[in-house]
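J.: Dropping the structure in here first, questions after.
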Amino acid sequence: MEEAKVLETEAKEFVSVGRRKSAVARVRMKPGAGRIRVNGRDFETYFPVETYRVTALQPLVAANLEGKFDIRVNVAGGGLSGQADAVRHGIARALLQYDPSLRPALKERGLLTRDPREKERKKPGQPGARKRFQYSKR
């Protein structure tokens, strides 16, 4: 009976969604060898910049669980920076499903908070959201 419970929890998949700017990351995480796939591609191939990889893996480092989970991510929208932050948010939420006692460690580093900053809309009669056309007195 004990072995059946262990196998049942190991096979469980933790699913969550992370968001940042206009990027949305759907994260599926299950115990494994530490393989990470993003949109069907290898993690290092999808995020070629080291900074993005470090950002995306912050929750695993904070929880001291690097290499313990196989993670599959579908991410869409925005640029690579926003996508990396969305993946980070999604992984943090999935870790919370795995072990609710990780909440203080993740919250302390601000990994559970969705960054609310969005692109401001362009206003009519201006070249951008805030920028104005040059004033001419004559």
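J.: Going by alpha carbons, how many degrees (0 to 90, nearest 10) lie between the helix axis of 80-98 and the longest principal axis of the chain?
T.: 30 degrees
J.: Can you give the convex hull volume per residue for the Cα atoms of the chain, as a whole number of Å³?
T.: Per-residue hull volume (Cα only) is 134 Å³.
J.: Nearest 10 degrees, 0 to 90: what angle lies between the long axis of helix 2-11 and the longest principal axis of the chain (Cα atoms)?
T.: 20 degrees
J.: Of the listed pairs Lys21/Lys131; Lys21/Lys107; Lys30/Lys119; Lys68/Lys119; Lys12/Lys119, which have alpha-carbon separations greater than 29 Å here?
T.: Pairs exceeding the cut-off: Lys30/Lys119; Lys68/Lys119; Lys12/Lys119.
J.: Given the DSSP H assignment, sum -39500 (n - 2.57) over each helix run of at least 4 residues in the chain and divide by its residue total; what's the result at 222 nm in deg cm²/dmol, nearest 500?
T.: When only DSSP H runs of four or more count, the value is -10000 deg cm²/dmol.
J.: Now, a different point. Highest mean first, what order results for 30-39, 68-77 on Cβ atoms within 10 Å?
T.: 68-77, 30-39
Read the figures in this text as sums done on the coordinates, not as results from a lab. Note that this is a predicted model, so its numbers are computed, not measured. Heads up, the Cβs are rebuilt from the backbone with ideal geometry, glycines too, and the neighbour counts pull from every protein chain shown.
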